[in-house]
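A.B. asks: First, the structure itself, so that you have it in front of you.
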Amino acid sequence: MTNPFPQDFLWGVATAGHQVEGNNVNSDTWFLEQLPGTIFAEPSGDAVDHYHRYREDIALIAGLGFSSYRFSLEWARIEPAEGQFSVAALDHYKRVLEACVEHGLTPVVTFHHFTSPLWLLQSGGWEGARTAELFARYCDRAMAHLGHLIGVACTLNEPNLPWLLESFGIGGEAPANRGSVPIWAAAAQRLGVDASTVAPFQFCSTEAGFAVKLAAHKAATAAIKAHRPELQVGWTLANSDIQAIPGGEEIADKVRRDVNERFLEASRGDDFVGIQTYGRTVYGPEGHAPAPDGAETNQMGEEIYPQALEATVREAARVAGVPVMVTENGLATEDDTQRVAYLKAAVDCVASCIADGIDVRGYIAWTAFDNFEWIFGYRPKFGLIAVDRTTQVRTPKESAHWLGSFAREQASQVAQPA
């Protein structure tokens, strides 16, 4: 079979700052983890101490055969108080970027991966009137310090996720009702604000939130390109393959519109769109349907369905009309043989899309390390590299060796014309 992957195709693994760095104490997520009534299973704590171990981690990733590393900057570290920027934090991320370049990895940098400074949450979060402007200012400051080292820029990670979560019955409370939810009530009390204004990025699914996120993406793109007009800039979307069983068509159509299509339409004119897919989401007459009887499932009880990636990449290319990069794709499982099979199927999906002429720029697996998975804590194991959190020893799994070797093999070949 002819290799369909372009020679400059990016093969990589991804992390997010809060999930791996540890002790991100000035962030809204750290604050929410500690609250009474929190929805987080456990606090992030030291995470996997990537903040101090990034050099060995980056060397390990490169040594496995990957050509790119996607990671995020932590706004809460760079601007821990409004208007006060930390040169020390910026210098830290400069060293991370330099380590990537030293090891031949293209740095795919996410400017916002779910977490925000606590002061932003206190001032209206992702419904705040000034949030887009403040985010663009932070991006401008980061680019001035780091921009010459960045390979690909992602503004916001999964701005559409709250609408998908809402379809599962997670979050989605109207501002007027937030005070009845223990975590938002506790947050408001600690912050000294009205609960109606508590709007964290991951849980904000109002129309005001949509408008603020879109404005932030556009303003950030302009700020980034003001420093480097040629730098490829996009955002990354949590796009599930939305399907229906009889009676669920109307719900599925609404979710598809709210979660996938309108964000893809908003991506038109960007340099690319990042697609992050883990499986399919099926709706019946009562809403989100469970995995089919007899289906193989992941740690979360969700159906293992790697074919979803082909559907979402094709949907993105069709609706957005821009190049696509798979910026996350992976499986939560303790059984790495399942992960290897999943990755093989997912890569085949990408190859099929490219063979049909779709411009796919890269495949970046989630995630480099077993890490902190937000409200689920440390139980889900998405990592291609295991971490003993007592010793912080890293151990690559067979999935890391397989995907890294495959990446190295593809990079050594030049794609032939179709």
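The values are calculated or read from the model by the stated rules, or taken from the named source; none is laboratory data. In this text, all values refer to a predicted model and were calculated from it rather than measured experimentally. Please note: Cβ atoms are built from the backbone with ideal geometry, for glycine as well, and neighbour counts cover all protein chains shown. Ligands, DNA and RNA are excluded from the accessible area calculation, which covers all protein heavy atoms including side chains. Shrake-Rupley method; radii C 1.70, N 1.55, O 1.52, S 1.80 Å.
A.B. asks: Taking only DSSP H segments of four or more residues, each worth -39500 (n - 2.57), what value at 222 nm results for the chain once the sum is divided by all its residues, to the nearest 500 deg cm²/dmol?
C.D. replies: -12000 deg cm²/dmol
A.B. asks: What is the sum of charges, Lys and Arg at +1 and Asp and Glu at -1, for the other residues whose Cβ falls under 11 Å from the Cβ of W235?
C.D. replies: Net charge around W235: -1.
A.B. asks: Looking at the P(r) of region 85-153, how many percent of alpha-carbon pairs lie beyond 18 Å? List each step's numbers first, then the result.
C.D. replies: Details: 1029 of 2346 pairs.
Taking all Cα-Cα pairs of region 85-153, the fraction more than 18 Å apart is 44 percent.
A.B. asks: Using modelled backbone amide H atoms (1.01 Å from N, in-plane), which distant-in-sequence or interchain residues come within less than 5 Å of L10's amide H?
C.D. replies: Here G362, Y363 satisfy the definition.
A.B. asks: Mind running the shape call on region 247-347? Use the C-alpha gyration tensor, a ≥ b ≥ c as the square roots of the eigenvalues: rounded below 1.5 for a/c, prolate if a/b tops b/c, oblate otherwise.
C.D. replies: Verdict is oblate for region 247-347.
A.B. asks: Convert each backbone phi in region 16-22 into a coupling constant with the Karplus relation 6.51 cos²θ - 1.76 cosθ + 1.60 (shift: θ = phi - 60°), then list the ³J(HN,Hα) values in order as whole Hz, x for Gly and Pro.
C.D. replies: 10, x, 4, 7, 10, 6, x
A.B. asks: If you find the alpha carbon centre of region 156-181 and of region 219-233, how far apart are they in angstrom?
C.D. replies: 30 Å
A.B. asks: Taking H placed 1.01 Å from N in the peptide plane, check which residues at least 5 places from E42 or on another chain put their amide H under 5 Å from its amide H.
C.D. replies: G377
A.B. asks: Ok, one more. Give the dimensionless ratio obtained when the Cα radius of gyration of region 169-230 is divided by 2.2 N^0.38 Å. Provide the component values of the computation, followed by the final result.
C.D. replies: Numbers: Rg = 15.4 Å, N = 62, 2.2 N^0.38 = 10.6 Å.
Against the empirical 2.2 N^0.38 Å value, I get 1.45 for region 169-230.
A.B. asks: Could I ask something else about it? About the Cα centre of region 210-328, what is the dipole size in debye to 20, counting +1 per Lys and Arg Cβ and -1 per Asp and Glu Cβ, all else neutral?
C.D. replies: Numbers: 12 positive and 18 negative charges, 151 e Å.
With only Lys, Arg, Asp and Glu charged at Cβ, the dipole is about 720 debye.
A.B. asks: Around K381, which amide H atoms from residues at least 5 apart in sequence, or from another chain, sit under 5 Å from its own amide H, with H modelled in the peptide plane?
C.D. replies: Amide H neighbours of K381: T333.
A.B. asks: Please give the net charge around L164, taking every other residue with its beta carbon less than 11 angstrom from that of L164, where Lys and Arg add +1 and Asp and Glu add -1.
C.D. replies: Neighbourhood net charge equals -2.
A.B. asks: Any chance you could get the radius of gyration and Dmax over the Cα atoms of the chain, in Å?
C.D. replies: 20.1, 62
A.B. asks: What does the charge count around A295 come to, taking other residues whose C-beta lies under 10 Å from its C-beta (Lys +1, Arg +1, Asp -1, Glu -1)?
C.D. replies: Charge balance in the 10 Å sphere: -4.
A.B. asks: Same structure again: Given +1 on the Cβ of Lys and Arg, -1 on the Cβ of Asp and Glu, and no further charges, what dipole in debye does region 275-388 carry about its Cα centre, rounded to the nearest 20?
C.D. replies: Dipole magnitude for region 275-388 comes out near 340 debye.
A.B. asks: Here's something else I'd like to know. Along its three principal axes, how long is region 42-161 when you only count alpha carbons? Whole Å, largest extent first please.
C.D. replies: Result, largest extent first: 45, 36, 30 Å.
A.B. asks: For the chain, with all protein chains present and a 1.4 Å probe, just round the carbon and sulfur fraction of the accessible area to a whole percent.
C.D. replies: On the way: 8000 of 15520 Å².
Here carbon and sulfur together make up 52 percent of the probe-accessible area.
A.B. asks: Which Cα, out of C353, F406, T337, lies furthest along the positive dipole direction of region 277-418 (beta carbon charges, K/R +1, D/E -1)?
C.D. replies: Result: F406, furthest along the dipole toward the positive end.
A.B. asks: Moving to a separate point now. Between region 52-121 and region 234-260, what is the C-alpha centre distance in whole Å?
C.D. replies: First find each Cα centre; the distance between them is then 32 Å.
A.B. asks: Quick check: from the Cα gyration tensor, does region 164-301 come out rounded (a/c under 1.5), prolate or oblate?
C.D. replies: In terms of gyration-tensor shape, oblate.
A.B. asks: Follow-up question, since we're still on this one. Are there any GluC sites (Glu not before Pro) in region 222-279 that are in a DSSP loop and have at most 14 other Cβ atoms within 10 Å? List them by number.
C.D. replies: Numbers: sites: E230, E249, E250, E261, E265; in loops: E230.
Taking region 222-279 and a limit of 14 other Cβ atoms within 10 Å, the loop GluC sites (Glu not before Pro) found are E230.
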